[in-house]
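**Q** Below is a structure I'd like to ask you about.
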Amino acid sequence: MNFDELPVDVGALCRIVQGVLIHSDWLTAYGVSEAQFRTVSRETLPLAGRLRQIAELDGSALTVERAPDRRAVGTCRDYALMLCGMLRQQGVPARVRCGFGAYFKREWEDHWICEYWREGSWRRADAQLDRIIAPRLGIGFDLADLPDDMFITAGEAWLRCRAGEADPLDFGHGAQASGLWFVRVNVVRDHHSVNGRETSDWDTWRQATAAHHFLSEAECAAADELAAHPEKPTAEPLPPWLGR
């Protein structure tokens, strides 16, 4: 299973991704339950592994839309990663970005999208929101070319918070994962993704305790640098909650 002979239109590629993946948080919207799937996990798989999983469930061509219970279960990052891989296969510069979307339940929800280069600038696409989910969220814009105010990278969010232009508590993922400490988690994850590591030890943020929600001045200063220059290679330390 590969990406040969796929359309070049980004919107069409998004629809192909949507036909083979289903988000773990939205199963009931498609009329299915966890019991119908062999595995329901929030772990992002390498793209080759995800394609093998898709082929095991249904050996049809990628362009064939699967029934919801015949799709591989993933999260927003899996959608972004697959779209990114398709675009790269076609020679289009693309990368997965970690940040916050403005079109979910909270003001700025933890989210991943794909960024691609076209006509002299980076464009952003959300491959996750299909004809089932988009209407539920009241989406009225082009998901293959997101408006600037609908998604911001984690670095952009961090810099706004540090400048006093935004409330850190508006950014996050649920009641237990919001605030400046979580924005910093995404700053590091976005930094790794821009440098070719779409997953990292910082994905274990759920292991953080309340003590890890307080950032030192040194940690804030390091995040300032990463937020301003996410593409800059750096020796980022392991998450403090791993204790190594």
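The values are calculated or read from the model by the stated rules, or taken from the named source; none is laboratory data. As the structure is a prediction and not an experimental result, all values here were calculated from the model. Cβ atoms come from the backbone with ideal geometry, glycine included; neighbour counts cover every protein chain shown. Each accessible area value is taken on the protein alone, full model and side chains, heavy atoms only, with ligands, DNA and RNA left out. Shrake-Rupley method; radii C 1.70, N 1.55, O 1.52, S 1.80 Å.
**Q** Which one of these is at pLDDT 90 or above, more than 18 Å from the chain's Cα centre (by Cα) and either of a type in the set (S, T, N, Q) or farther than 23 Å from C114 by Cβ (or both): R70, R38?
**A** Every option except R70 fails the conditions.
**Q** Which one is farthest from R106 (Cα to Cα), of the residues in region 175-224 that are in a helix (DSSP H, G or I) and among the aromatic types (F, W, Y)?
**A** Here the residue is W202.
**Q** Which count do you get for residues in region 62-85 that are without any contact (Cβ under 8 Å) to a residue 12 or more places away in the chain and open to solvent by 60 Å² or more (accessible area, probe 1.4 Å)?
**A** 0
**Q** Please go through region 86-98 and pick out each residue that is out of contact with any Phe, Trp or Tyr (no Cβ under 7 Å at 6 or more places or on another chain), touching a residue at least 24 places away in the same chain (Cβ under 8 Å) and not basic (K, R).
**A** Passing the criteria: only Q90.
**Q** Here is a list of conditions, (1) open to solvent by less than 50 Å² (accessible area, probe 1.4 Å); (2) within 17 Å of L21 (Cβ to Cβ); (3) touching a helix residue (DSSP H, G or I) at 6+ places or on another chain (Cβ under 7 Å), and I132 meets all of them except one; can you say which number that is?
**A** Single failed check for I132: (1).
**Q** Right, next: Quick check, is L169 touching a strand residue (DSSP E or B) at 6+ places or on another chain (Cβ under 9 Å) and either open to solvent by less than 20 Å² (accessible area, probe 1.4 Å) or in a loop (DSSP other than H, G, I, E, B) (or both)?
**A** The answer is no for L169.
**Q** For region 28-52, name all the residues that are assigned to a helix (DSSP H, G or I), surrounded by fewer than 19 Cβ atoms within 10 Å (Cβ to Cβ) and touching a residue at least 12 places away in the same chain (Cβ under 8 Å).
**A** Matches in region 28-52: A29, Y30, Q36, L47, R52.
**Q** For region 91-107, give me each residue that is in contact with a helix residue (DSSP H, G or I) (Cβ under 9 Å, 6 or more places away or on another chain) and open to solvent by 30 Å² or more (accessible area, probe 1.4 Å).
**A** Matches in region 91-107: P93, R95, R106, E107.
**Q** Take W112 and decide whether it is part of a strand (DSSP E or B) and loosely packed, with under 14 Cβ neighbours inside 10 Å.
**A** In short, no.
**Q** Regarding region 67-90, can at least one residue be identified that is polar (S, T, N, Q), more than 25 Å from D142 (Cβ to Cβ) and in contact with an Asp or Glu (Cβ under 8 Å, 6 or more places away or on another chain)?
**A** no
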